[in-house]
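A short worksheet on the structure shown next.
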Amino acid sequence: MQKDKQVIHMDLDSFFVSVEVRKNPALVGKPVIIGGSSDRGVVASCSYEARKFGIHSAMPSRMARQLCPQAVFVKGSMEEYSKESQVVTEILREEVPVLEKASIDEHYIDMTGMDRFFGAMKFASGLKDKILRETGLPISFGLSVNKMVSKVATNESKPNGQLQVPFPQVQPFLDPLLISKIPGLGESTFRKLSEMGVRHVRTLKEIPQDLMFRILGKNGLSLSQKANGIDLSPIVPYQERKSIGTQQTFDADTMDIPKLKALIARMVTELTFELRQQRKLTACITVTIRYSNFETVTQQAMIPYTSLDSLLIQKARDLFDKVYKKRMLLRLVGVKLSHLVSGHEQIDLYHTAEERYSLYQAMDRVRERYGLNSLVLATALDMPGRK
C-alpha cells in the first residue's frame with residue numbers, strides 16, 4: 001500500500017433526487033422516488049427519507065409503493081441530470097490536477113504530492129463547499145490512500161459529509177464494517193460469504209488467499225486485497241473526447257438510403273454492445289458521411305447518458321437525415337460515440353420498460369457466447385419497403 005497517496009472520492013448525494021428537490025423545494029424532507037410509478041416501473045433513485053422504508057435503486061416501483069404508500073414519484077429527466085453532471089465535472093476540472101470521472105455522479109481526484117502546497121482535507125472541503133454554492137447540489141467526499149478506501153469513506157460520511165482515513169487508520173476503519181460495504185461485492189457473493197459466517201471485514205481479511213481463490217476465483221483475491229485496505233487501481237484522467245467509433249468505405253459509391261440506414265443501425269448496435277461490455281455510457285453521438293467527391297461532413301448531438309441501442313439508432317438516423325443534404329453518391333459512412341463515462345443505464349427514465357432493458361442484457365449474453373452477429377435487431381436489416 002502506498003502510504004503517501006492522497007486520493008479524494010467525491011459523490012453527489014442522491015443526485016437525481018437533489019436535482020428535483022432544487023427545482024421543487026416542496027419535496028424537501030419527503031420520501032421521493034425517481035422512476036416510473038406504474039407496476040412495470042423501476043426505482044432509478046430515491047431520497048434518504050425513502051431509504052428508511054427499505055426502498056433502494058432497481059427495486060420495482062410496485063414494491064416501493066407498498067413499502068411507502070406516501071412516497072412522491074417523479075418521472076425524472078436523464079437529459080437534465082446529464083447536463084448537471086457536466087457542470088460539476090467542469091468545476092472540478094478547473095480546480096484539480098488529476099481527475100477521473102467514474103460515473104455520472106462520482107469523481108476521483110489524485111492530490112498526491114500536492115500536500116506541500118495544499119492541505120488535501122482542507123482543499124477537498126473547499127471543493128465541496130464550492131460545488132454546493134455554485135450548483136445547489138450536496139456532495140460528500142472521502143479522503144484516503146487509495147480509491148477503494150476513499151469510496152468507502154464517502155459512503156460512510158453520507159449524506160452531505162466528509163471523512164478522512166489516514167494510512168494508520170485504514171484497517172481500524174475497515175475492520176468493523178459489514179462486507180457489503182466493500183465496493184464490487186455483489187449480492188450472490190455476499191450470500192455465499194455470509195453462509196460461511198463471514199459478515200465483517202475483519203473476518204474476511206483473515207481468510208487465506210488460496211482459500212479465497214478456491215471459493216470465488218480471481219474475484220476472491222481482489223476482495224481479499226480490499227479487505228486488507230489494498231487497491232492498486234490508478235486514477236484514470238478524465239478525457240471529455242474519449243470515444244469509440246466505426247466507419248465503412250463502400251466498394252461502390254451508393255445512395256441507397258434504406259441500406260445506409262440499416263448499416264448505421266448495425267454500427268450503433270456494435271458500438272452499444274461494446275459500451276455495455278465496458279460498463280460505459282455515452283453523452284454524444286456523431287455521424288460522418290463522405291461524398292463521392294471526397295467531401296466529408298459530420299453532424300453530432302449531445303444526448304442524455306445512455307447505452308441503449310434503440311435510442312442511439314434513432315438519433316443516428318436523425319443525424320444522417322440532417323447531414324445528407326446533396327443527394328450525391330456516398331463512399332463512406334461512420335458513427336462515433338464520445339463523452340464516455342463509467343456507469344449503468346438508469347431504467348425507466350427514458351420510458352424504457354424493465355423488460356426492454358432485460359432483453360438487451362439477454363441479447364448481450366447470447367452475443368458473448370456466439371458472436372456479435374448471432375443476434376441482429378430488425379432495424380439493422382435492410383428490408384423491402386423500409387424507409
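The values are calculated or read from the model by the stated rules, or taken from the named source; none is laboratory data. Every value quoted in this text rests on a predicted model; they were computed, and no experiment measured them. Glycine also receives a Cβ, built like all others from the backbone with ideal geometry; neighbour counts cover every protein chain displayed. Quick note on the areas: whole protein, heavy atoms, side chains included, nothing else; ligands and nucleic acids left out. Shrake-Rupley method; radii C 1.70, N 1.55, O 1.52, S 1.80 Å.
For the range 245-280, enumerate the residues that are under 19 Å from Lys326 (Cα atoms) and not acidic (Asp, Glu).
First pass over the range 245-280, keeping only residues under 19 Å from Lys326 (Cα atoms): 249-250, 252-261, 264.
Those that are under 19 Å from Lys326 (Cα atoms) and not acidic (Asp, Glu): Thr249, Phe250, Ala252, Thr254, Met255, Ile257, Pro258, Lys259, Leu260, Lys261, Ile264.
Are any residues in the range 24-65 open to solvent by less than 10 Å² (accessible area, probe 1.4 Å), in a loop (DSSP other than H, G, I, E, B) and under 14 Å from Asp13 (Cα atoms), and if so, which ones?
Ser47
Check Val297, Val366, Val268, Val333 and return the single one that is at pLDDT 90 or above and surrounded by fewer than 19 Cβ atoms within 10 Å (Cβ to Cβ). Spell out how you get there, then give the answer.
Details: Val366 fails: at pLDDT 90 or above; Val268 fails: surrounded by fewer than 19 Cβ atoms within 10 Å (Cβ to Cβ); Val333 fails: surrounded by fewer than 19 Cβ atoms within 10 Å (Cβ to Cβ).
Answer to the check: Val297.
Can you name the residue in the range 91-106 that is among the acidic types (Asp, Glu) and part of a helix (DSSP H, G or I) and is also most open to solvent (accessible area, probe 1.4 Å) among such residues?
Glu94
Within the range 198-208, how many residues turn out to be more than 19 Å from Lys218 (Cβ to Cβ) and assigned to a helix (DSSP H, G or I)?
As a first pass, look at the range 198-208 and keep what is more than 19 Å from Lys218 (Cβ to Cβ): 199-203, 206.
Among the residues that remain, those that are also assigned to a helix (DSSP H, G or I) are: 201-203.
Going through the range 198-208 one residue at a time, the tally reaches 3.
Take the residues in the range 63-85 that are charged (D, E, K, R) and modelled with pLDDT of 90 or more; name whichever of them is nearest to the chain's Cα centre (by Cα).
From the range 63-85, those charged (D, E, K, R) are 65, 75, 79-80, 83-84; that's our starting set.
Narrowing the set further to residues that are modelled with pLDDT of 90 or more leaves 65, 84.
On the way: Arg65: 26, Glu84: 14 Å.
In this case the residue turns out to be Glu84.
In this structure, is Ile313 open to solvent by less than 70 Å² (accessible area, probe 1.4 Å), assigned to a strand (DSSP E or B) and in contact with a helix residue (DSSP H, G or I) (Cβ under 9 Å, 6 or more places away or on another chain)? Steps first, answer last, please.
Values: open to solvent by less than 70 Å² (accessible area, probe 1.4 Å): yes; assigned to a strand (DSSP E or B): no; in contact with a helix residue (DSSP H, G or I) (Cβ under 9 Å, 6 or more places away or on another chain): yes.
No: the conditions fail for Ile313.
Looking at the range 209-231 only, could you name the residues that are modelled with pLDDT under 90, assigned to a loop (DSSP other than H, G, I, E, B) and within 26 Å of Pro172 (Cβ to Cβ)?
Matches in the range 209-231: none.
List, please: which pairs have Cβ atoms under 7 Å, are six or more places apart or on different chains, and start with a residue in the range 306-329 that is at positive phi and end with one that is open to solvent by 10 Å² or more (accessible area, probe 1.4 Å)?
Arg327/Met255
Do we find a residue being open to solvent by less than 30 Å² (accessible area, probe 1.4 Å), within 15 Å of Val201 (Cβ to Cβ) and in contact with a helix residue (DSSP H, G or I) (Cβ under 9 Å, 6 or more places away or on another chain) anywhere in the range 126-136? Walk me through how you get there before you give the answer.
Kept after step one, since they are open to solvent by less than 30 Å² (accessible area, probe 1.4 Å), are these residues of the range 126-136: 127-128, 131, 135.
Then drop every residue that is not within 15 Å of Val201 (Cβ to Cβ), which leaves none.
No; the residues of the range 126-136 include none that is open to solvent by less than 30 Å² (accessible area, probe 1.4 Å), within 15 Å of Val201 (Cβ to Cβ) and in contact with a helix residue (DSSP H, G or I) (Cβ under 9 Å, 6 or more places away or on another chain).
Condition first: of a type in the set (Lys, Arg), surrounded by 13 or more Cβ atoms within 10 Å (Cβ to Cβ) and without any contact (Cβ under 8 Å) to a residue 40 or more places away in the chain. Now tell me which residues in the range 205-258 satisfy that. Spell out how you get there, then give the answer.
Going through the range 205-258, the residues of a type in the set (Lys, Arg) turn out to be 205, 214, 218, 226, 241-242.
With surrounded by 13 or more Cβ atoms within 10 Å (Cβ to Cβ) added as a condition, the list becomes 205, 226, 242.
Passing the criteria: only Lys205.
Which one of these does Pro31 not meet: (1) modelled with pLDDT under 95; (2) more than 22 Å from Asp129 (Cα to Cα)?
(1)
Among (1) closer than 26 Å to Glu106 by Cα; (2) touching a helix residue (DSSP H, G or I) at 6+ places or on another chain (Cβ under 9 Å); (3) not in a helix (DSSP H, G or I), where does Cys284 come up short?
(2)
Out of all the residues in the range 1-23, which are in a helix (DSSP H, G or I) and surrounded by fewer than 21 Cβ atoms within 10 Å (Cβ to Cβ)? Lay out the reasoning, then the answer.
Taking the range 1-23 and keeping what is in a helix (DSSP H, G or I), we get 15-23.
Within the range 1-23, Arg22, Lys23 meet the criteria.
Scanning the range 149-161 for residues that are touching a residue at least 40 places away in the same chain (Cβ under 8 Å) and either charged (D, E, K, R) or open to solvent by 10 Å² or more (accessible area, probe 1.4 Å) (or both), which turns out nearest to Lys3 (Cα to Cα)?
Lys151
Being assigned to a helix (DSSP H, G or I) and touching a Ser or Thr at 6+ places or on another chain (Cβ under 6 Å) is the filter; apply it to the range 141-197 and report the residue that is modelled with the lowest pLDDT. Full working, then the answer.
Step one: filter the range 141-197 for residues assigned to a helix (DSSP H, G or I), giving 147-157, 167-174, 179-181, 187-195.
From what is left, the residues that are touching a Ser or Thr at 6+ places or on another chain (Cβ under 6 Å) are 147, 150, 153-154, 157, 190.
Numbers: Lys147: 95, Ser150: 97, Ala153: 97, Thr154: 97, Ser157: 96, Phe190: 91.
By that ranking, first place goes to Phe190.
Any idea which residue in the range 166-197 is surrounded by the fewest Cβ atoms within 10 Å (Cβ to Cβ), counting only those that are of a type in the set (Val, Ile, Thr) and in contact with a Leu (Cβ under 7 Å, 6 or more places away or on another chain)? Before you say what the answer is, go through the steps one by one.
The initial filter retains those residues of the range 166-197 that are of a type in the set (Val, Ile, Thr), namely 170, 179, 182, 189.
Imposing the further condition that a residue be in contact with a Leu (Cβ under 7 Å, 6 or more places away or on another chain) reduces the set to 179, 182, 189.
Details: Ile179: 21, Ile182: 20, Thr189: 18.
Applying the filter and picking the extreme gives Thr189.
(1) at pLDDT below 90; (2) of a type in the set (A, V, I, L, M, F, W, C); (3) crowded, with 17+ Cβ neighbours inside 10 Å: which one isn't true of Val88, the others all being true?
Every condition holds for Val88 apart from (1).
So, of the residues in the range 7-35 that are of a type in the set (A, V, I, L, M, F, W, C) and under 16 Å from the mean Cα position of the chain (by Cα), which turns out to be nearest to Val149 (Cα to Cα)? Please lay out each step first, then the result.
Within the range 7-35, the subset of a type in the set (A, V, I, L, M, F, W, C) is 7-8, 10, 12, 15-17, 19, 21, 26-28, 32-34.
When the remaining residues are screened for being under 16 Å from the mean Cα position of the chain (by Cα), the result is 10, 12, 15-16.
Details: Met10: 12, Leu12: 17, Phe15: 21, Phe16: 25 Å.
Once the filter is applied, the top-ranked residue is Met10.
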